[in-house]
Each structure stands twice: as structure tokens, then as C-alpha cells.
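Nothing in this text is a laboratory measurement; each read-out follows from the coordinates by a stated rule. What you are looking at is a predicted structure, and each value in this text was computed from that prediction instead of being measured. Every residue, glycine as well, gets a Cβ built from its backbone with ideal geometry; the counts of neighbours run over all protein chains shown.
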Amino acid sequence: MSAFSAIGEDREVDQNEFTPEIEPQATWCPGCGDFGVLKALKGAAAELGLNPEEILLVTGIGCSGKLSSYFDAYGFHSIHGRSLPVARAAKLANPELTVIAAGGDGDGYGIGGNHFMHTARENHDMTYIVFNNEIFGLTKGQTSPTSPMGHKSKTQPQGSAKAPLRPLSLSLATGSSYIARTAAVNPNQAKEILVEAIQHDGFSHVDFLTQCPTWNKDAKQYVPYIDIQQNDEYDFDITDRNEASEAMYETESALWEGKVLTGRYYHDESRHSYHEEKIAQGSMPEKPVAEQYFDEDYEPKRSYDLLDPHK
Ligand SMILES: Cc1ncc(C[n+]2csc(CCOP(=O)(O)OP(=O)(O)O)c2C)c(N)n1
Ligand code: SF4
Ligand SMILES: [Mg+2]
């Protein structure tokens, strides 16, 4: 099966189909929130009936970047902060592909911040999952753009003097058309949000709170969390930009004070995605670029087919 023949094939998919044969057990530290993202993503993909061959998962660099090794679909472990440009190119080359990009807070909100802003502005049809553990995990706990003020690390031993980034507000201001925050400690909500994010036609941004018990021991483990859709105190219209903006601002400020608010914040179904705009303009090729260059006789190989475990 290829990324062309698999698309649209209607069948029941079991979430275990997304577990790779090689390295089926992720090597994240015990208790790491990243396990929660993997579980939610497998559950969401299965619920949507997506074949592994219909999905491309592009990741950045960090503990979070390992997601593409532990999720069996087409995968591209790119470079630090660059998952989004790779994902954009792939989506334009094969618009029928379900494209998911993922990476950490350092990856997406720091070094890749420029790509985040412009991918949201251009409303590329993909889901972007940011594992927000409020530090650089892989490189041993340095301060990241979302680390709270006063957070002590090897790079800020006196405590960070910087106000953290507001990722939801930034996302809204730059143009994302679906915005949510969930937490690894809430796997059911996380799965439901990923289902909606993947289904949405346009740029979906999911800020995923992931605890790092190894390097961010002082951090709140994101419990107890409040689901804003389940709580009357936070009644607002997610299709209304101003109401969404206020709810996001409150959510971001609350997190700094130890109150974890999660849920859906913004959903704009009226805006066309980038490739829909290009189709309307007449500037997308009739036959997707990827298909034009696709060799039907080529036997796709998985990474584990290429490796000899005895060497
Ligand atoms: C261009 C570049 N600069 C720096 C690094 C080193 N580096 C690797 S991962 C990382 C930070 C990862 O933090 P984050 O994106 O939050 O991911 P996490 O490990 O927390 O999931 C850094 C600085 C790199 N690989 N490439
Ligand atoms: S260092 Fe932190 S983020 Fe990385 S795998 Fe371990 S617990 Fe997870
Ligand atoms: Mg991080």
C-alpha cells in the first residue's frame, strides 16, 4: 500500500497498528508526559480510521522529537525547529496526506518560532502538537520560552527574569484556525482534541502540557486540571475571536500561578486553508506533485527492514 492507494480506504483501524516493530517501547523516562501524547495520538488516528500509510508525522529535535520513531506511519525526524517547513512542503506535494507536525516548546516556540508564526498565518492544513514541558528536556533542563518567571536552571541559576511566552495568544494573533490546550494527565480529553484537530481543515495548534519529572521536578505536574468546556465558570464561544482571546489570556496567566486550564479555545471553520486558496487561484497542479514522481514499482521499506540488528 502507498500514500496514494491507502488514502480514503475505509476500514476499522486498531491503535496497535501504529506501534512500530522496531523499538516498540519508547525510551522516554518513566513518568514522562510524552507517553501521554503518543497514546492520545494512536487513539485519535485509530478513531479516525486512518491507515498508517495515510499519515505523515514530522518531528523536530528534543525528547518530543522521538515521537516519529515510536509512531508507525510515514515519519520524518527533521532538525531543530524545522518540522513545520518540512510538513508544509509534504502537504503541498500530496494534499490528501494527513500531516501532523510535532516538537517541543524550545523547538516550536523558540528556535522554530518564525515557522510557527507563518505556518499559522498561511493556515496550512495540518495539526501541530507542541509538547510543552516548560524546559529544554533533551539537553538537560535549560530554560525555554515557556519556563515560568523565576524558574531556576543551569542557564538561569538565579531564576529566569523573563516573562514566559503566551503560546495560545500568539497562535490566535498569527492566524491558527483551531487552537486547544490539553495535558498528558488527561488522556481522554487529549485524544478527543487530537481527533478534532486532525479533522479540522486548516492549521490546528495543540499546546500539549507534558510533565518532565527528570529535569523539571519543581514544575506542577499539571494536576488537578480544569477542562474549561466542563466548567460553567468558563462559558465562552470558541468561534468568537475576542472571547477566545480573553479565555486564552486568563488560561496562560493561571498556569503561571499553578492553575491548569485546558480545553478548546478557538475554532474558525470559515477560513480557507493555504492549498484551498491555491486551488481557487488555479495554481495547484491537477495531479499532486508527489504522484507525478511516484514510482509504482518501488517497494517501500521500513527503517527496520534496512537495519541489521546483528551488526
Ligand atoms: C540548531 C540546534 N541548536 C541546538 C540544538 C540542541 N538541542 C537539541 S534538543 C534542544 C532543546 C529541546 O527542547 P524542546 O524543544 O523543548 O524539547 P524537549 O526535549 O523538551 O521535548 C536543543 C537546544 C540542536 N539540536 N540544533
Ligand atoms: S528528560 Fe524529561 S522530557 Fe525527556 S524523556 Fe525524560 S522526562 Fe521526558
Ligand atoms: Mg521542552
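Key figures
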| read-out | value |
| --- | --- |
| Which of LEU48, LEU38 has the fewest Cβ neighbours within 10 Å, and the rest in rising order | LEU48, LEU38 |
| 3J(HN,Hα) from dihedral phi, the range 73-83, Karplus parametrisation 6.51/-1.76/1.60, rounded to Hz, x for glycine, proline | 7, 5, x, 9, 8, 8, 10, 4, x, 10, 5 |
| Within the range 141-213, trypsin sites (Lys or Arg not before Pro) in DSSP loop having at most 15 other beta-carbon neighbours inside 10 Å | LYS152, LYS154, LYS162 |
| Crossing angle, helix 113-122 versus the chain [Cα axis fit, 0-90 degrees, rounded to tens] | 60 |
| Extension reserve of the LYS217-ASN16 stretch, reckoned as 0.36 nm per residue once the Cα distance is removed | 69.2 nm |
| Per-residue Cβ neighbour rank within 10 angstrom, fewest leading, THR214, THR146 | THR214, THR146 |
| Dimensionless Rg over Rh [the chain; C-alpha; Kirkwood] | 0.96 |
| Using a Förster distance of 35 Å, the FRET efficiency for ARG121-THR155 (Cβ separation, nearest 0.05) | 0.70 |
| Length-normalised contact order for the chain - Cα pairs under 8 Å, 6+ apart - percent | 17 |
| Inter-label distance for GLU196 and TYR249, nm, one decimal - labels placed 7 Å from Cα along Cα-to-Cβ | 2.2 |
| GLN142/ALA173 FRET efficiency (R0 25 Å; Cβ-Cβ; nearest 0.05) | 0.40 |
| Order of HIS77, HIS115 under a 10 Å beta carbon neighbour criterion, fewest first | HIS77, HIS115 |
| With Cα atoms, 0 to 90° folded angle of helix 241-256 axis to the chain main axis | 60 |
| 0 to 90° range, to nearest 10: angle between helix 34-47 axis and the chain longest Cα axis | 50 |
| For the range 8-95, projected area of the alpha-carbon convex hull averaged over all directions, nm² | 5.9 |
| Nearest-0.05 FRET efficiency for VAL289 and ASP235, computed from C-beta distance (R0 51 Å) | 0.65 |
| Calculated [θ] (222 nm, deg cm²/dmol) that DSSP helices of n ≥ 4 give over the chain, each run adding -39,500 (n - 2.57) | -8500 deg cm²/dmol |
| Virtual spin-label span in nm between ASN114 and GLU277, 7 Å along Cα→Cβ | 2.0 |
